[in-house]
Each structure stands twice: as structure tokens, then as C-alpha cells.
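A.B. asks: My questions will all concern the structure given below.
All of the numbers you see were taken from the coordinates with simple rules; none came from a lab. Source: prediction; values computed, not measured. Here the Cβ positions follow ideal geometry from the backbone for every residue, glycine too, while neighbour counts run over all protein chains shown.
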Amino acid sequence: MAKDYNPLTCLPSAEAVRKRLKAAREEARKLRILLQVAEKIEKADDADSRQGVADAE
């Protein structure tokens, strides 16, 4: 006879969820840093582009 399906057996432990949450927070922290750097580079590139246009005039 087949066992009854119990969806609760698929739930991870609280510790497993904590580990995944910690990893997700660390990744989010790194992505925030990466975003800040990318935005600074874009602003610098935009400023250089505007300066180049002003110099050409």
C-alpha cells in the first residue's frame, strides 16, 4: 500500500531557512555595493560626455 502524501514533510527546518536567509541578505548586500559602483561610473561617464560636448563647442 502507498504512503499518504503529507506536504508538511517537504518543509525545511528553521535552521535551513535561517541559513538561506543569511545567504540572501549577504548577496543583497553585495548587489547594493555593485549597484552603487555602477551608478557612480554611469554618472562619471555622463559628466565626461557633457564635458566633451562643452569642449567641442
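A.B. asks: So for each of 8-16, 35-43 I average, over its residues, the number of other beta carbons within 10 Å; can you give me the resulting order with the highest mean first? All intermediate terms of the calculation are to be shown ahead of the outcome.
C.D. replies: Details: 8-16: 8.0, 35-43: 10.0.
By packing density, highest mean first, the sequence is 35-43, 8-16.
A.B. asks: Same structure, new question: Number of Lys-Lys pairs in the chain under 22 Å by Cα, sequence gap 8 or more or different chains? The partial results should precede the final answer.
C.D. replies: Values: Lys19/Lys30; Lys22/Lys30; Lys30/Lys40; Lys30/Lys43.
Lysine pairs meeting the criterion: 4.
A.B. asks: When Rg and Dmax of the Cα atoms in Å is calculated directly from the model, which label among [x] 24.8, 85; [y] 17.0, 48; [z] 11.8, 39 fits?
C.D. replies: Here the calculated entry is [x].
A.B. asks: Now, a different point. Given the DSSP H assignment, sum -39500 (n - 2.57) over each helix run of at least 4 residues in the chain and divide by its residue total; what's the result at 222 nm in deg cm²/dmol, nearest 500? Can you show the working numbers first?
C.D. replies: Values: 1 runs with 43 residues, N = 57.
Helix-only estimate at 222 nm: -28000 deg cm²/dmol.
A.B. asks: Against the longest principal axis of the chain, how steep is helix 14-56, in degrees 0 to 90 to the nearest 10, with axes from Cα atoms?
C.D. replies: 10 degrees
A.B. asks: Residue farthest toward the positive end of the dipole of the chain, with Cβ of Lys/Arg at +1 and Asp/Glu at -1: which of Ala44, Pro12, Ala28?
C.D. replies: Pro12
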